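Engineer: Dropping the structure in here first, questions after.
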Amino acid sequence: MDNAEALKLVQRIYTRLNARRPEIEKFEDYLNGVQRLSFATEEWRKSNSQRYAGFSDNWCAPVVNAEAQRIRFNGMKLGPDSADASLELHKHWLRNDGAAQSAQGFQTTLGSKRSFVIVWGDHKNSDEPMMTWEHPSNVEIEYDFENPRIRRAALKTWVDEENEYATLYTPDALWKYERPRVSVVNDRDSQSEQARTGIAADGGWVPREVRNEPWPVNNPMGVVPVVEVPNRPTLMGEPMSEIACVIPMQDFINLMWAYLMLAADYASMPARVVLGGSPPMIPVLDKDGKQTGTKPVDMKELAEKRLLYVNGDNPNIGSWEAAKLDVFTDVIDVAVGHIASQTRTPPTYLVSKTGMSNVNGEGLKASEIGLNKKVLEFETFASSAMREVNRLIALASGDDKLAKLVSYGTVTWMNPEIRSEAQLADMMVKLKSIGYPLEYLMELRGESTLDIPRILAMSKKEQELDPIVQAGRAFAEVTNDPESGGSSL
């Protein structure tokens, strides 16, 4: 591949990435509670929308958080005779702060459909593997048309105060480019502004050369070192966002709260009307305190006190009771229940009346089945990505044998079902009684790859110090020693 071909590939991938950014920004906004007020009439919006600007009753965040808190990558199982290899792989994971990066990455994946992981060698630290989790607005992958499992190339972009940068990853090389950043008012639009202006046929990209580094940079791994982590992709290849179906209901709930607050402002106090009478008059006094005339009471003041006068004969008084605001809260509660059902989020997470009344422990456990199944669906697709990430870590460390082991390894996750310690201990005791080994029980409990060998060693040491075990060994030695007169049984 020459420079012209690389630039063409950069432009094609960048165009696709740039088209995706508005949707990602929308998902991120709703997840962070930055939500617009929709479904209101134009007349109501003109009169009241500014009053409630910035308010949101954010239900998108708990939907994502409820699932994200049950997802945790525990490591790779590489076979019964590969404990040392698993341990070495886990050390690379810990060195890259994998737990924290993956927690952020999985949460972004759930909300914004996908995230990406880049693995490369840290040339400043003896070529140790370096893993970075990337936001989907900055990275895109070019897949093979015939076999979408093959990564042909990947692009990462970012900006600073002056320039926009791009790195094209191919199986053979890394092509680094830069171009001047277009000045815009909103920084969030800065990365997409380049595509709208069309500054040049090739995008205006020029080679970005780094001191003491060749251009392009050779890729010794032989594969594109970028992996996509999707959220439950479909056969069409497009992953899902957990809040895509929540956004319309979220807009409706925000509008209901705006209506409620408007009603609370204007109709939460009893209102009175005087028909056929004249508004009350107040005296006008001179400087000496003598009345010189009268004037009507300020109608604005009367309106604030919910009192209306209508002139005419035969005056009489009527009134309205204060508005009942629970009609709004009841509708909001139903809408929250719909969100719980559509997203398979337990109603207890959303504190919904429909899910909180008269529910026992078994009922609460049953309400979480949908969420647990959704987590397992996510892990089904994410396992392939995490296996490839760990294979790239092995390749970046120069260990081809470990990379081959990882290709056939099993990805392990935290059990998404939440149990009490008493329930978990009872289950493990029963499994132990029917013959399950301690090491398997440690995996079932969710112990880390580093902790399991340590726990097993501690257990072995305790057994060696047990007086009963020591007496049994001494007896066995005596009975098997011919000089002591014992006989082998």
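The values are calculated or read from the model by the stated rules, or taken from the named source; none is laboratory data. Worth saying up front: this structure is predicted, and the values here are computed from it rather than measured. Neighbour counts run over all protein chains shown; Cβ positions are idealised from the backbone, glycine included. When the accessible area is computed, the model is the full protein with side chains, heavy atoms only, and any ligands, DNA or RNA have been set aside. Shrake-Rupley method; radii C 1.70, N 1.55, O 1.52, S 1.80 Å.
Engineer: Run the quick spin-label model on Ile282 and Cys245: label points 7 Å from Cα toward the beta carbon, then report their separation in nm to one decimal.
Structural biologist: 5.9
Engineer: Once you order the gyration tensor axes a ≥ b ≥ c over the Cα atoms, which shape class does region 114-179 get: rounded for a/c under 1.5, otherwise prolate or oblate by comparing a/b with b/c?
Structural biologist: Details: a/c = 1.64, a/b = 1.15, b/c = 1.42.
Oblate shape, in that a/c is at least 1.5 and b/c is the bigger or equal ratio.
Engineer: Could you give me the ³J(HN,Hα) list for region 105-112, computed from phi with Karplus coefficients 6.51, -1.76, 1.60 and θ = phi - 60°, whole Hz, x at Gly and Pro?
Structural biologist: Rounded to whole hertz, the list is x, 5, 5, 5, 4, 5, x, 10.
Engineer: Do me a favour and compute the ellipsoid semi-axes for region 21-102 from its Cα gyration tensor, root of five times each eigenvalue, largest one first, whole Å. Let's see the in-between values first.
Structural biologist: Details: eigenvalues 451, 25, 19 Å².
Sorted largest first and rounded, they come to 48, 11, 10 Å.
Engineer: Quick one: what are the phi-derived ³J(HN,Hα) couplings along region 131-145, Karplus 6.51/-1.76/1.60 with θ = phi - 60°, whole Hz, x for glycine and proline?
Structural biologist: Those phi angles translate into 10, 10, 8, 10, 6, x, 7, 10, 9, 8, 10, 9, 9, 5, 5 Hz.
Engineer: Continuing with this model, one more query. At R0 = 60 Å, how high is the FRET efficiency between His338 and Asp81 if r is their beta carbon distance? Nearest 0.05 is fine. The partial results should precede the final answer.
Structural biologist: Values: r = 52 Å, r/R0 = 0.87.
With R0 = 60 Å, the Cβ-Cβ based efficiency is 0.70.
Engineer: Quick one: pull the percent of accessible area on region 53-135 belonging to carbon and sulfur, 1.4 Å probe, ligands and nucleic acids left out. Before the final figure, lay out the partial values.
Structural biologist: Working: 1700 of 3520 Å².
Roughly 48 percent, rounded to a whole number.
Engineer: Going down the list Lys373/Lys430; Lys374/Lys432; Lys91/Lys374; Lys176/Lys401; Lys26/Lys401, which pairs span over 32 Å between their C-alpha atoms? Present the calculation step by step, with values, prior to reporting the outcome.
Structural biologist: Details: Lys373/Lys430 25 Å; Lys374/Lys432 30 Å; Lys91/Lys374 30 Å; Lys176/Lys401 30 Å; Lys26/Lys401 44 Å.
Among Lys373/Lys430; Lys374/Lys432; Lys91/Lys374; Lys176/Lys401; Lys26/Lys401, the Cα-Cα distance tops 32 Å for Lys26/Lys401.
Engineer: Mind checking the per residue accessible area of region 1-154 for me, 1.4 Å probe, whole number of Å²?
Structural biologist: Numbers: 7780 Å² over 154 residues.
Accessible area per residue: 51 Å².
Engineer: Given labels modelled 7 Å from the Cα in the Cβ direction, how far is it in nm from Ala100 to Lys46?
Structural biologist: So the label points at Ala100 and Lys46 sit 5.3 nm apart.
Engineer: Given H placed on each backbone N at 1.01 Å, which residues far from Glu447 in sequence or on other chains put an amide H within less than 5 Å of it?
Structural biologist: none
Engineer: Where the centre of each part is set by its Cα atoms, how far does region 1-54 sit from region 426-471, in angstrom?
Structural biologist: 52
Engineer: List the residues, sorted by chain then number, that are 5 or more residues from Lys113 or on another chain and whose placed amide H is less than 5 Å from its amide H.
Structural biologist: The answer is Glu242.
Engineer: How large are Rg and Dmax for region 383-434 when only the alpha carbon atoms are used, in Å?
Structural biologist: Rg then Dmax for region 383-434, in Å: 16.9, 45.
Engineer: Right, another one. Can you tell me the FRET efficiency between Ala53 and Ala19 if r is taken as the Cβ-Cβ distance and R0 is 30 Å, rounded to the nearest 0.05?
Structural biologist: 0.55
Engineer: Also, quick follow-up: Working out 0.36 nm times the residue gap between Leu431 and Ser383, then minus their Cα-Cα distance, what length gain in nm do you get to one decimal?
Structural biologist: Numbers: separation 48, 0.36 × 48 = 17.28 nm, distance 2.65 nm.
Result: 14.6 nm gained on full extension.
Engineer: Quote the convex hull volume per residue of region 71-148, based on C-alpha atoms, as a whole number of Å³. It would help to have the intermediate numbers written out before the result.
Structural biologist: Values: hull volume 11.5 nm³, N = 78.
In region 71-148, the Cα convex hull volume per residue is 148 Å³.
Engineer: In nanometres, what is the gap between the two model label sites at Lys365 and Arg72, each 7 Å from Cα along Cα-to-Cβ?
Structural biologist: With each label placed 7 Å out from Cα toward Cβ, I get 2.1 nm.
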